[in-house]
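Undergrad: So that we are looking at the same thing, I have put the structure below in structure tokens.
The values are calculated or read from the model by the stated rules, or taken from the named source; none is laboratory data. Nothing here was measured: the structure is a model prediction, and the numbers come from that model. Methodologically, a virtual Cβ is constructed for each residue, glycine included, from the backbone with ideal geometry; neighbour enumeration extends over all protein chains shown. Remember, those area values only see protein heavy atoms, side chains included, never the ligands or the DNA or RNA. Shrake-Rupley method; radii C 1.70, N 1.55, O 1.52, S 1.80 Å.
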Amino acid sequence: MLQLYGNSKSRAMRCLWMVEEVGRPYQLVEKTTRADDLQTAEYLRLNPNARIPTLVDGDLVLWESMAINLYLAQKYDGSMHCTSPEVLGLAAQWSFWAMLEVEHLLLNLLEHRALLAEFARDASAVERNELLLKKPLSVLNDALAGCDYLAGNSFTVADLNVASILVWGKMARLDFSAYPNLTRWLNACLARPAFVRVRDQARRK
Ligand SMILES: N[C@@H](CCC(=O)N[C@@H](CS)C(=O)NCC(=O)O)C(=O)O
């Protein structure tokens, strides 16, 4: 059975969403981000970065959330399987793009809007991140003009990986009104039953 180390309030959420979409049996091995949970010899053997998520599938141990999801899409049949090299290429493109062009900006925005203690929040960091996000959000919005998905003509790991980062924008109360295509697509991704199950699980914690 697939084993996923992490928790639903961390980046492991992306992989939980994916395993729910894939529909394979899996076990969530609960791990917090605390050092005493991650800096154990046993866990470091799986993930020397001492971070979550980590996936164990038989003899294979994988870390990096996007790589885990791309692997699951290739490994298992079903609607999330990339049906052609083109779809896989586009999924990799959008996944790397989201990690490199968007994730750090959204995380920093989220920290200064909501996660940090009030006294540590910096309004100039919010302003800076909102400004820097305009370019990648426009790229995504333009890519979604007249189409419902990022790769091919159905929901794929490309959509899942990018939406699982963009959801931080919702949590950070980012104003998406200048990006109608993006908004329509993101709302559709976040309405998927697999995402709703993972989100509800996180809310119950
Ligand atoms: N690029 C990695 C980042 C993993 C990561 O930073 N995970 C956080 C939780 S969301 C973590 O394990 N933090 C623990 C720490 O930094 O000590 C991925 O996407 O899997």
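Undergrad: Name the residues in the stretch 154-177 that are of a type in the set (Gly, Ala, Ser), in contact (Cβ under 8 Å) with a residue 12 or more places away in the chain and surrounded by fewer than 21 Cβ atoms within 10 Å (Cβ to Cβ), would you? Before the answer, list the steps.
TA: Residues of the stretch 154-177 of a type in the set (Gly, Ala, Ser): 154, 158, 163-164, 169, 172, 177.
Next, from what is left, pick out any that are in contact (Cβ under 8 Å) with a residue 12 or more places away in the chain: 154, 158, 163-164, 169, 172.
Selection gives Ser154 alone.
Undergrad: Sort out which residues of the stretch 14-30 are within 16 Å of Asp200 (Cβ to Cβ), within 16 Å of the ligand (Cβ to nearest atom) and surrounded by fewer than 22 Cβ atoms within 10 Å (Cβ to Cβ), and write them in order of number.
TA: Within the stretch 14-30, just Leu28 meets the criteria.
Undergrad: Checking the condition touching a Lys or Arg at 6+ places or on another chain (Cβ under 9 Å), open to solvent by 60 Å² or more (accessible area, probe 1.4 Å) and not aromatic (Phe, Trp, Tyr), which residue from Glu118, Glu86, Glu127, Glu101 passes? Spell out how you get there, then give the answer.
TA: Values: Glu118 fails: touching a Lys or Arg at 6+ places or on another chain (Cβ under 9 Å); Glu86 fails: touching a Lys or Arg at 6+ places or on another chain (Cβ under 9 Å); Glu127 fails: touching a Lys or Arg at 6+ places or on another chain (Cβ under 9 Å).
The conditions single out Glu101.
Undergrad: So is Ala35 more than 9 Å from the ligand (Cβ to nearest atom), surrounded by fewer than 16 Cβ atoms within 10 Å (Cβ to Cβ) and farther than 19 Å from Arg192 by Cβ or not?
TA: Values: more than 9 Å from the ligand (Cβ to nearest atom): no; surrounded by fewer than 16 Cβ atoms within 10 Å (Cβ to Cβ): yes; farther than 19 Å from Arg192 by Cβ: yes.
No.
Undergrad: Quick one: would you say Ala151 is modelled with pLDDT of 95 or more, open to solvent by less than 20 Å² (accessible area, probe 1.4 Å) and either in a helix (DSSP H, G or I) or in contact with a His (Cβ under 8 Å, 6 or more places away or on another chain) (or both)?
TA: On the way: modelled with pLDDT of 95 or more: yes; open to solvent by less than 20 Å² (accessible area, probe 1.4 Å): yes; either in a helix (DSSP H, G or I) or in contact with a His (Cβ under 8 Å, 6 or more places away or on another chain) (or both): no.
When the stated conditions are applied, Ala151 does not pass them.
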